[in-house]
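The values are calculated or read from the model by the stated rules, or taken from the named source; none is laboratory data. All figures in this text were calculated on a predicted structure; none of them were measured in a lab. Neighbour counts run over all protein chains shown; Cβ positions are idealised from the backbone, glycine included.
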Amino acid sequence: MKNFIYLTVIFIFSVMAAQCSPVAAPSQAQAVIVSDIFARVTTENGAVYMTLKNDGQSDDILVGAKTDAAKTVELHETKMDENDVMRMQPVPNIPIPAGGSVTLQPGGLHVMLIDMQKELAPGDKISLTLTFEKAGPMTVEAEVREGTSMGQMDHGGSEEHGEHDHGAEHN
């Protein structure tokens, strides 16, 4: 009988504790919305573009991405240099302001896929995991779209990757 009373008291306190626990705030992961996601047709290298909308009340940052479709994935930006040459370079992250959005597009910010594991064709899909500082990891799917094949693009002297095939990035 003594054990029954102890178990009953423990059960009651457990139920009360569960009901008194603070309700978790909505997850920041729900605050970042990824839309308009697509990839370019490519052979050796590629790029993924999208719009990142932050519906949260605090800024967030895209800090990385990964996919099994490429050996290396980097966040990149394409800019015109002082000689009017389009140059692509890695960026450490992509800030997304609270209540705002950032568009990753040809000729600007994008997710760079280096050393593709297979050639992509229009209609193929790429699974891509985006990692946000606050929202955490989010897996999305990018459909490969028809477009200009990627041409030569200067990476600003990056010896690690050499020349990559990115010409469509300055459409």
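Within the range 50-102, restricting attention to residues that are modelled with pLDDT under 95 and basic (Lys, Arg), which residue is nearest to residue 133 (Cα to Cα)?
Here the residue is 79.
Yes or no, residue by residue, for (1) of a type outside the set (Gly, Ala, Ser); (2) in contact with a helix residue (DSSP H, G or I) (Cβ under 7 Å, 6 or more places away or on another chain); (3) closer than 11 Å to residue 116 by Cβ:
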position: 31; (1), (2), (3): no, no, no
position: 37; (1), (2), (3): yes, no, no
position: 45; (1), (2), (3): yes, no, yes
position: 49; (1), (2), (3): yes, no, no
position: 58; (1), (2), (3): no, no, no
position: 65; (1), (2), (3): no, no, no
position: 68; (1), (2), (3): yes, no, yes
position: 74; (1), (2), (3): yes, no, no
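Which of the residues belonging to the range 103-122 are among the small types (Gly, Ala, Ser) and modelled with pLDDT under 95?
Of everything in the range 103-122, those that are among the small types (Gly, Ala, Ser) and modelled with pLDDT under 95 turn out to be 107, 121.
Yes or no: the range 73-82 includes at least one residue that is surrounded by fewer than 13 Cβ atoms within 10 Å (Cβ to Cβ), over 18 Å from residue 36 (Cα atoms) and of a type in the set (A, V, I, L, M).
Checked the range 73-82: at least one residue is surrounded by fewer than 13 Cβ atoms within 10 Å (Cβ to Cβ), over 18 Å from residue 36 (Cα atoms) and of a type in the set (A, V, I, L, M).
Can you name the residue in the range 44-60 that is under 13 Å from residue 96 (Cα atoms) and surrounded by 16 or more Cβ atoms within 10 Å (Cβ to Cβ) and, of all such residues, is farthest from the chain's Cα centre (by Cα)?
My answer is 56.
Any idea how many residues of the range 123-171 are surrounded by 15 or more Cβ atoms within 10 Å (Cβ to Cβ), in a loop (DSSP other than H, G, I, E, B) and at pLDDT below 50?
5
Sort out which residues of the range 61-102 are in contact (Cβ under 8 Å) with a residue 40 or more places away in the chain, assigned to a strand (DSSP E or B) and more than 12 Å from the chain's Cα centre (by Cα), and write them in order of number.
Scanning the range 61-102 gives 70, 71, 72, 78, 86, 87, 88, 89, 90, 101.
Can you confirm whether the range 120-127 contains a residue that is under 13 Å from residue 142 (Cα atoms) and of a type in the set (S, T, N, Q)?
Scanning the range 120-127 turns up at least one residue that is under 13 Å from residue 142 (Cα atoms) and of a type in the set (S, T, N, Q).
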